[in-house]
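A quick write-up on the structure given underneath.
No value in this document is a laboratory result; all are computed from the given coordinates. Treat the numbers as computed from the prediction; the structure is a model and nothing was measured. Counting neighbours? That spans all protein chains shown, and the Cβs are built from the backbone with ideal geometry, glycine included.
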Amino acid sequence: MNNLAIDIKNQIATITIMRASKLNALNKETLEEILEATEKINQDKNIKGVMLTGEGEKAFVAGADIAQMVNMTENEALAYSQLGHKAFANIENAPKPYIALINGFALGGGLELAMACHIRLAVEKSKLGLPEVTLGVIPGFGGTQRLTSLIGKAKAFEMVLTGDMITGQEAKELGLVNHIFPTITEMTTKAIDILEKVCKRGELAIAKAIKTINAQYDSEQGGYIQEVMSFGHLFGTKDCKEGMNAFLEKRTPNFIGE
């Protein structure tokens with residue numbers, strides 16, 4: 001794969017997104033590779049758990065690839081959102097646990113990817129957020145639904161509507177991450193410790209436990225469908241184009257409400 005590195009050791013797979021020069025931003029090709037990789041890993045009975053992280057020490061995933069998104073049509077944006085939903089559902093509904101190792105920025109699609117994982121660990125320096133509204137769009141890979149489920153409606157509104165980032169400590173206090181650590185090494189050690197315990201548990205019980213916990217909300221419910229439709233629609237607006245162009249041009253966007 002061009003954008004992912006996969007290492008398997010002692011029944012634990014590590015998926016690393018290898019786009020450090022782009023802060024591991026998610027483009028279409030990377031989403032397709034995540035989809036392909038998770039399909040294979042989920043079917044591999046020799047793999048009992050998965051760690052997912054980003055290359056380097058700056059970012060887990062700093063968002064979706066705005067340069068690729070900026071000229072998308074509504075239909076292209078719909079397809080892009082649907083691809084992200086499919087790839088992340090592969091993680092959320094896997095019969096084995098995925099742990100996100102948040103080693104820096106987890107923004108936009110990056111936080112959405114982390115939220116699809118069953119457990120999230122982060123280093124103290126991490127910054128997390130869903131800044132899509134600053135680009136004139138909304139989270140498009142399940143973020144509006146998973147964030148609400150994880151931290152509650154009021155806090156989800158605040159994060160999504162302001163687009164503000166929060167620290168690793170704040171994320172832990174909100175229940176968005178399970179544990180925070182001073183270093184990546186300590187974070188990785190904890191993830192391995194968790195997954196080594198899982199490897200000793202009943203495989204069928206683990207799969208059923210994940211399925212049952214996820215049953216509190218149905219991935220086919222209207223919220224997910226509404227998110228996909230709204231994400232695609234916004235790509236037909238002037239504000240969306242203005243927001244993304246402003247980001248790429250490193251200037252403040254001038255939204256006009258159309």
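Assorted remarks:
- Entries in LYS9/LYS45; LYS22/LYS125; LYS125/LYS172; LYS86/LYS190 that, when Cα-Cα distance is taken, lie over 23 Å: LYS86/LYS190
- Efficiency of FRET from Cβ geometry, GLU57 and LYS200, R₀ 35 Å, rounded to 0.05: 0.65
- Sorting ILE12, ILE256 by the number of Cβ atoms found within 10 Å of their own Cβ, with the fewest placed first, yields ILE256, ILE12.
- Computed [θ] at 222 nm, deg cm²/dmol, the chain (DSSP H ≥ 4; -39,500 (n - 2.57); rounded to nearest 500): -15000 deg cm²/dmol
- FRET efficiency for LYS211 and ARG251, using Cβ-Cβ distance with R0 set to 51 Å, rounded to 0.05: 0.65
- For a paramagnetic label modelled on ASN46 (point 7 Å from Cα along Cα→Cβ), amide N atoms under 16 Å away belong, within the stretch 1-34, to 6-14.
- Hits among aspartates and glutamates - C-alpha to C-alpha of LYS208 under 16 Å, sequence gap 8 or more where chains match: GLU92, ASP218
- Nonlocal amide H pairs with ALA94, under 5 Å, H built at 1.01 Å: none
- Nearest-ten-degree value, helix 74-92 long axis tilted from longest Cα axis of the chain: 20 degrees
- In order along the stretch 133-144, phi translates into HN-Hα couplings of 4, 6, 9, x, 9, 10, x, x, 10, x, x, 5 Hz, rounded to whole numbers, per the Karplus curve 6.51 cos²θ - 1.76 cosθ + 1.60 with θ = phi - 60° and x for Gly and Pro.
- Note on the stretch 4-199: antiparallel DSSP beta bridges, both residues inside, total approximately 25 percent of the bridges counted.
- Label-to-label distance, nm, for residues given as THR167 and GLU29 (7 Å Cα→Cβ offset): 3.8 nm
- Couplings 3J(HN,Hα) of the stretch 101-113, computed from phi: 9, 8, 9, x, 5, 10, 10, x, x, x, 5, 4, 5 Hz, in residue order, whole Hz [Karplus 6.51 cos²θ - 1.76 cosθ + 1.60, θ = phi - 60°; x for Gly and Pro].
- On Cα atoms only, tilt of 222-234 relative to the major axis of the chain in degrees: 40 degrees
- Under 5 Å from the amide H of GLY49 lie the amide H atoms of ALA13, each residue being 5 or more positions distant or on a separate chain, with H modelled from the backbone and absent for Pro and chain starts.
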